[in-house]
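**Q** One structure, as structure tokens, below. Some questions next.
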């Protein structure tokens, strides 16, 4: 059983997947910084100095020790922007990989 497991781990697909997960996690941090540190301040400036991450709809104000109840849609907007950027970059990578895989068509004489 140990030999089978070693063979499984040594297969190229498993190693490729591991590398992809590690690179994906690092890329996620880059996209997170891009959205929070670059795009949000620009969008906030365009929207009149609004910090998107602090946007919320307060359903019930805080009373004494009881915290407020709020829908924090600003954070949802940040995560949605991050998702769209990651999805677009993955789309571009897949599109580039597919164009490299295409074989030239033979022209019939």
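**Q** Any residue at all in region 34-56 that's in a strand (DSSP E or B) and over 21 Å from residue 84 (Cβ atoms)?
**A** no
**Q** May I pose another question? If we keep just the residues of region 42-61 that are surrounded by 12 or more Cβ atoms within 10 Å (Cβ to Cβ) and modelled with pLDDT of 85 or more, which is farthest from residue 77 (Cα to Cα)?
**A** 56
**Q** Follow-up question, since we're still on this one. Tell me, yes or no, whether region 66-84 has at least one residue that is modelled with pLDDT of 85 or more, under 10 Å from the mean Cα position of the chain (by Cα), loosely packed, with under 11 Cβ neighbours inside 10 Å and not in a strand (DSSP E or B).
**A** no
**Q** Residue under question is residue 36, and the condition is that it be surrounded by 10 or more Cβ atoms within 10 Å (Cβ to Cβ) and over 24 Å from the mean Cα position of the chain (by Cα); does it hold?
**A** So residue 36 fails the test.
The values are calculated or read from the model by the stated rules, or taken from the named source; none is laboratory data. Note that the structure is predicted; figures quoted are calculated from it, not measured. Backbone-built Cβ (ideal geometry, glycine too); neighbour counts: all protein chains shown.
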